[in-house]
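The values are calculated or read from the model by the stated rules, or taken from the named source; none is laboratory data. Quick caveat: nothing in here was measured; it's all calculated off a predicted structure. Here the Cβ is made from the backbone with ideal geometry for all residues, glycine too, and neighbour counts use every protein chain on show.
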Amino acid sequence: MDRVKAEAEKIKILVVGGGAREHALAWKLAQSPRAGQIFVAPGNPGLEIMTSLTPLKADDLDGLTQFALERNIGLTVIGPEVPLALGLADQMEKAGLTVFGPRAAAARLESSKPFAKDFMTRHGVPTAAYRVFNSQDEALAYLNDRPEGPQVVKAAGLAQGKGVTVAGSRAEAKQAVREALAGRFGPAGREVVIEDFIEGEEVSLLAFTDGQIIVPMLPVQDHKRLGEGDTGPNTGGMGAYCPVAAYTPEVARQVEAAIIQPTLEGLKAEGLDYRGCLYFGLMLPPPGSAGGPVVIEYNARFGDPETEVLMPLLKSDLVEIMLACAQRRLAGQTIEWSDETAVCVVMASGGYPGDYQTGLVITESVPSVVGASLAFHAGTAVNEYREIVTSGGRVITVAAKDATLEQALFIAYDRVRSIYFKNSYHRRDIAHRELARRSK
């Protein structure tokens, strides 16, 4: 009887998206006793063994909603930002479906940087001073009046993590403005936000929320720049590690009081229905400085590659947590984490984030190191010969966990060396700040 009851409690799950983030989420969801059949739309070849793939695109709102209704999906998890901004959560909820992901009005915290900055200003959330422009002449005139030195230029809309330029000079900032307003990022760059540059160390803090409370996950440090030593253009993320020693208990208390709670109260005050994952991109001030942490951006979903290090460390049942968020009962959940360290390294196509070749065959040999490593697919596809090939800029994210950071890195890089495709590129200095801290 107990077995029959347990089987009856299983639910079908739909994960929307096809990257390494969705691979990691589906991998974790599959470990739940509540997980029945898991569908991923559109998914990737790395997911075929453990899930059922459906060719529906992530922005096919009508198709996804109809699919979920026909298959009696008990939980839909929306991974990427685009379907959230388009209102997939709204449409599915109207159809009577249970959804993990904010509604479109709340997802503007990511889809519109001007909205997010204004929201922070309204609710006293610390952030960099900023101005918004849709006129090139006005933006350039503003930069002429700014002191020579670093400025941050951001495309106002969704640009796949590539719309931010940390300009080291006025000339570089002007060029970033010209390129964005000239159409480099399409509609996302019709407006630009110019922010003051803030010195410090960047940390990603993801959190579960049901709109009533916010429960932070472990702090993660992403590596957004393409090149080692944090050089080169911004990307969608080249690797990450978790946890981060710079995110001390005192910093956590400051973030809770000055950032998390004002954000939550602001969402409530403005009637924004936020049930899902809320990402705080934080800048921690240099040691000894008088200021506190500030928000450099919100994301309205799980980060990528942050998810690939968080999911291996999550000990609790992800299905239960997500259902609790969707059903506004997160306060009753206990969320536990491993005390190990996790790292991930992104293997990208040569040329990324610019032009790169696709269709390159991916092969893998046996890693020489035995350890807990995972290869989460992102930009992969299957060719006519049933070979796995590259299909995007970020191709595979290799994750590993162990008791120490050093051993986790050793395991991850050994797995990276076992995977081959022509012109592959990866950073060899993931967690360099953490290692430098330890050496001191």
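Tell me, which residue of the stretch 184-207 that is modelled with pLDDT under 95 and β-branched (Val, Ile, Thr) is surrounded by the fewest Cβ atoms within 10 Å (Cβ to Cβ)?
Restricting to residues being modelled with pLDDT under 95 and β-branched (Val, Ile, Thr), the top hit is Ile198.
Test Glu384 against the stated conditions and say whether it is within 28 Å of Ile13 (Cβ to Cβ), out of contact with any helix residue (DSSP H, G or I) (no Cβ under 9 Å at 6 or more places or on another chain) and outside the structural domain of Arg184 (by TED's automatic domain parsing). Before you say what the answer is, go through the steps one by one.
Details: within 28 Å of Ile13 (Cβ to Cβ): no; out of contact with any helix residue (DSSP H, G or I) (no Cβ under 9 Å at 6 or more places or on another chain): yes; outside the structural domain of Arg184 (by TED's automatic domain parsing): yes.
In short, no.
What pairs can you find where one residue is in the stretch 210-221 and touching a residue at least 60 places away in the same chain (Cβ under 8 Å), the other is crowded, with 19+ Cβ neighbours inside 10 Å and assigned to a loop (DSSP other than H, G, I, E, B), and their Cβ atoms are less than 7 Å apart, with a gap of 6+ or different chains?
Partner pairs satisfying both residue conditions: Asp210/Arg275; Gly211/Tyr274; Gly211/Arg275; Leu218/Pro243; Val220/Val244; Gln221/Val244.
Of the numbered conditions (1) of a type in the set (S, T, N, Q); (2) under 28 Å from Ile362 (Cα atoms); (3) in contact with an Asp or Glu (Cβ under 9 Å, 6 or more places away or on another chain), Gln91 satisfies every one except a single condition; which is it?
Answer for Gln91: the failing condition is (2).
Within the stretch 422-433, does at least one residue satisfy the condition of being polar (S, T, N, Q), assigned to a loop (DSSP other than H, G, I, E, B) and in contact with a strand residue (DSSP E or B) (Cβ under 6 Å, 6 or more places away or on another chain)?
Our first condition is that a residue be polar (S, T, N, Q); within the stretch 422-433, this holds for 423-424.
Those still in the list that are assigned to a loop (DSSP other than H, G, I, E, B) too: 423.
Retained after the next criterion (residues that are in contact with a strand residue (DSSP E or B) (Cβ under 6 Å, 6 or more places away or on another chain)): none.
Scanning the stretch 422-433, I find no residue that is polar (S, T, N, Q), assigned to a loop (DSSP other than H, G, I, E, B) and in contact with a strand residue (DSSP E or B) (Cβ under 6 Å, 6 or more places away or on another chain), so the answer is no.
Hey, among the residues in the stretch 144-183 that are basic (Lys, Arg) and within 22 Å of Ala116 (Cα to Cα), which one's surrounded by the fewest Cβ atoms within 10 Å (Cβ to Cβ)? Can you show your working first?
Just the residues of the stretch 144-183 that are basic (Lys, Arg), to begin with: 146, 154, 162, 170, 174, 178.
From the residues that got through so far, the ones that are within 22 Å of Ala116 (Cα to Cα) too are 154, 162.
Details: Lys154: 28, Lys162: 19.
Here the answer is Lys162.
Could you say whether any residue in the stretch 121-133 is assigned to a helix (DSSP H, G or I), out of contact with any His (no Cβ under 7 Å at 6 or more places or on another chain), not acidic (Asp, Glu) and not assigned by TED's automatic domain parsing to the domain that holds Gly17? Before you say what the answer is, go through the steps one by one.
We begin by selecting, within the stretch 121-133, every residue assigned to a helix (DSSP H, G or I); these are 121-122.
Retained after the next criterion (residues that are out of contact with any His (no Cβ under 7 Å at 6 or more places or on another chain)): 121-122.
Narrowing the set further to residues that are not acidic (Asp, Glu) leaves 121-122.
Next, from what is left, pick out any that are not assigned by TED's automatic domain parsing to the domain that holds Gly17: 121-122.
Checked the stretch 121-133: at least one residue is assigned to a helix (DSSP H, G or I), out of contact with any His (no Cβ under 7 Å at 6 or more places or on another chain), not acidic (Asp, Glu) and not assigned by TED's automatic domain parsing to the domain that holds Gly17.
Looking at the stretch 38-106, what helices (runs of 4 or more DSSP H) fall wholly within it and have at least 1 residues that are under 27 Å from Gly271 (Cβ atoms), assigned by TED's automatic domain parsing to the domain that holds Arg301 and within 22 Å of the chain's Cα centre (by Cα)? Talk me through it step by step, then tell me what you get.
On the way: elements: 61-70, 81-86, 88-94.
Result: empty, no element qualifies.
Here's the yes/no breakdown for (1) within 30 Å of Ile194 (Cα to Cα); (2) at pLDDT 95 or above; (3) among the small types (Gly, Ala, Ser):
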{"site": "Gly292", "(1), (2), (3)": "yes, no, yes"}
{"site": "Glu336", "(1), (2), (3)": "no, yes, no"}
{"site": "Pro353", "(1), (2), (3)": "yes, no, no"}
{"site": "Val361", "(1), (2), (3)": "no, yes, no"}
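Does Met283 satisfy being among the aliphatic types (A, V, I, L, M), within 30 Å of Tyr130 (Cα to Cα), touching a strand residue (DSSP E or B) at 6+ places or on another chain (Cβ under 7 Å) and touching a residue at least 60 places away in the same chain (Cβ under 8 Å)?
Details: among the aliphatic types (A, V, I, L, M): yes; within 30 Å of Tyr130 (Cα to Cα): yes; touching a strand residue (DSSP E or B) at 6+ places or on another chain (Cβ under 7 Å): yes; touching a residue at least 60 places away in the same chain (Cβ under 8 Å): yes.
For Met283, the condition - among the aliphatic types (A, V, I, L, M), within 30 Å of Tyr130 (Cα to Cα), touching a strand residue (DSSP E or B) at 6+ places or on another chain (Cβ under 7 Å) and touching a residue at least 60 places away in the same chain (Cβ under 8 Å) - is met.
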